[in-house]
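Read the structure below first, then the notes.
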Amino acid sequence: MKKIYLTCVGKLKEKFFAEGVEEYRKRLSPYCDLVINEVSDSPAKDEVQRESDAILSTFREGEIRILMDIEGELVTSEGLSERIDKALLQGRDVRFIIGGSRGVDERVKKAASARISFGRVTYPHQLMRVILCEQLYRAFSILHNTPYHK
């Protein structure tokens, strides 16, 4: 089974966000195994460095890493689906990274294969997880020509 990894900072505290992610995980199950790595958010002054250390520790050799970044390349749903398809056709896993409320440090940015954005507005990182999961489901719907994406 194809694997899509999602590394994010913090746990989903709001029930409605967790339910949204689980709904899309269930919808994705015929297409891929969505593996979510939650790393601890840090209340410390140096939280970005600590969170970035934790993010980097989840990385695996040979994977495509896509950092969700407000300053990244704007992508369409079709463009995202093409990126995922290309990586999976090469036999590579794909990892998406959502940093904490203060972002990630340069090490994570440099380790990313790509930096993409779903727009120039700022979303809470918990909501971004739900949005990303929906877009992953939409991407697989496009790849499998199902009616979800119109």
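What follows is calculated from the coordinates using simple rules that are stated; it is not laboratory data. Keep in mind that what you see is a predicted model, and the values were worked out from it rather than measured. Virtual Cβ from ideal backbone geometry, glycine too; neighbours counted across all protein chains shown.
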Longest to shortest principal axis, alpha-carbon extents of segment 1-54, angstrom: 42, 25, 9
LYS110 paired with LYS15, simple spin-label distance in nm, labels 7 Å along Cα-to-beta-carbon: 4.5
19 Å Cα-Cα reach of LYS3 towards aspartates and glutamates, excluding residues that sit fewer than 8 places from it in its own chain: GLU22, GLU23, ASP33, GLU38, GLU61, GLU63, GLU82, ASP85, ASP93, GLU134
All-pairs Cα distance distribution in segment 81-150, expressed in whole percent, bin size 5 Å: 3, 13, 21, 23, 21, 12, 5, 1
Paramagnetic reach from GLU71 (point 7 Å along Cα→Cβ, amide N under 17 Å) across segment 1-37: none
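Could you give the length gained by full extension between ARG120 and GLU22, i.e. 0.36 nm per residue of separation minus their alpha carbon distance, to one decimal place? Walk me through the intermediate numbers first.
Working: separation 98, 0.36 × 98 = 35.28 nm, distance 2.62 nm.
32.7 nm is the gain from fully extending ARG120 to GLU22.
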Along principal axes, Cα extents of segment 21-83, largest first, whole Å: 40, 27, 25
Cβ-placed point charges (K, R +1; D, E -1), dipole of the chain about Cα centre in debye, nearest 20: 200
Percent breakdown of C-alpha pair distances by 10 Å bin, ordered from the shortest bin, for segment 26-126: 14, 45, 35, 6, 0
